[in-house]
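Attaching a single structure in structure tokens format; questions to follow.
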Amino acid sequence: MKFGTYFAYWTHEWRGDYMKYARKVKDLGFDILEVAPAPLLEMSDAELGELKALTKDLGKSITTNYGPPKDKDIASKDYSVRANGIRYLTQIMETMDKIDSRVIMGALYSCWPYDYTDLDKEALWDRSVESVKQLGFVAKDLGISYCLEVLNRFETILLNTCEEALKYCDDVGVDSVKVHLDTFHMNIEEDNIPNAIRLAGDRLGHLHVGEGNRKLPGKGSMPWEEIGQALKDIHYDK
């Protein structure tokens, strides 16, 4: 199993000096630096090459976390908005490939946070699945895992439980598309967090850990021993 941290733990912005934070996670003993994609897209190929070389030298890897805004909602009724989102997410993955980043996760099936102006979940689901199927093939060609974050009901209408995410992945039908669970959201929505992890099984592509009050693990009341055992039970090594 690999352990990482999100760069924004040290910032108040969705951007930062990823070279600096790569060195910081090395000093702290983490395996992974998780980043937001916008700064990557602003970097030149030379700068991306430097970041890739540094992470390789440090023995670390980078994962990417993204919540698309409304104008990039791939479940939108508006075809042009969906196309814009697909283009942008494709661009992110092509840039990730340049730094050998192999996991993208987040609300990659709609927009974040959802504004609840459209409550036709069935239609949203169908449009979203069609878009993610296209993106799933892009991810597969690039060797990237496209991990769908299961969020609480106050942040999305589409995927609120692990069971729902698995059904969604079945509908997409592309093996690069996986489930991303987050203990904060699970604490709100799942009847039993360890059992939800077991349900995900080998389709669990990424896991975020944090307390129900958003503090670091160990600062709240989450059942970490039981969560750890569930991860062992499914032989989670990501």
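Hey, can you grab everything whose amide H is under 5 Å from the amide H of Tyr66? Only 5+ residues off in sequence or another chain; H modelled, so Pro and N-termini drop out.
Met105, Gly106, Ala107
Distance from the Cα centre of region 69-109 to that of region 117-172, in angstrom?
Each part's Cα centre sits 12 Å from the other's.
Spin-label point model (7 Å from Cα, Cβ direction): what's the Glu94 to Lys2 distance in nm?
2.4
So, one more: Relative to the compact globular guide of 2.2 N^0.38 Å, what is the alpha carbon radius of gyration of region 1-96, as a ratio?
In units of the 2.2 N^0.38 Å rule of thumb, it is 1.19.
Below 11 angstrom from the Cβ of Gly220, what's the summed charge of the other residues (Lys, Arg +1; Asp, Glu -1)?
+2
OK, next. For the chain, what are Rg and Dmax over the alpha carbons, in angstrom?
Considering the chain through its Cα atoms, Rg and Dmax are 17.2, 49 Å.
Apply the Karplus parameterisation 6.51 cos²θ - 1.76 cosθ + 1.60, with θ equal to phi minus 60°, to every residue of region 165-178 and state each ³J(HN,Hα) to the nearest whole Hz, in sequence, with x for glycine and proline.
5, 5, 5, 4, 4, 4, 5, 5, x, 10, 6, 6, 8, 10
Counting other Cβ atoms within 10 Å of each Cβ, which trypsin sites (Lys or Arg not before Pro) in region 175-211 have at most 10 and sit in a DSSP loop?
Taking region 175-211 and a limit of 10 other Cβ atoms within 10 Å, no loop trypsin sites (Lys or Arg not before Pro) are found.
Moving to a separate point now. Calculate the dipole size of region 1-113 relative to its Cα centre from +1 charges on Lys and Arg beta carbons and -1 charges on Asp and Glu beta carbons; express the result in debye to the nearest 20.
Computed charge dipole of region 1-113: roughly 240 debye.
Can you pull the percent of the chain's accessible area that's carbon plus sulfur, 1.4 Å probe, other chains left in place?
Roughly 50 percent of what the probe reaches on the chain is carbon or sulfur.
Report the relative contact order of the chain, percent, no decimals, based on alpha-carbon pairs under 8 angstrom and at least 6 residues apart.
This gives 14 percent for the chain.
If I stretch the segment between Glu163 and Glu42 completely, what's the gain in nm (0.36 nm per residue apart, minus their alpha carbon distance), one decimal?
Between Glu163 and Glu42, full extension yields 39.9 nm more.
Accessible area per residue of the chain at 1.4 Å probe, in Å²?
About 49 Å² of surface per residue is accessible.
Suppose every Lys and Arg Cβ carries +1 and every Asp and Glu Cβ carries -1, with no other charges. What dipole size does the chain come out with about its Cα centre, to the nearest 20 debye?
Result for the chain is approximately 600 debye, rounded to the nearest 20.
Counting alpha carbon pairs within less than 8 Å and at least 6 residues apart, what relative contact order, in whole percent, applies to region 1-92?
25
Considering the options Ala8, Leu119, Asn152, tell which one lies farthest towards the positive end of the dipole of the chain, charges being +1 on Lys and Arg and -1 on Asp and Glu at the Cβ, about the Cα centre.
Value computed over the given set: Ala8.
How would His208, His180 rank on accessible area, largest to smallest, probe 1.4 Å?
Per-residue accessible area, sorted high to low, gives His208, His180.
Moving to a separate point now. Per DSSP H run of n ≥ 4, the term is -39500 (n - 2.57); total these for the chain, divide by its residue number, and report the mean residue ellipticity at 222 nm rounded to 500 deg cm²/dmol.
-14000 deg cm²/dmol
The values are calculated or read from the model by the stated rules, or taken from the named source; none is laboratory data. From a predicted model like this one, the values you see are computed outputs, not experimental measurements. We place every Cβ from the backbone using ideal geometry, glycine too, and count neighbours over all the protein chains shown. Accessible surface is based on the protein model in full, side chains and every heavy atom, while ligands, DNA and RNA are left aside. Shrake-Rupley method; radii C 1.70, N 1.55, O 1.52, S 1.80 Å.
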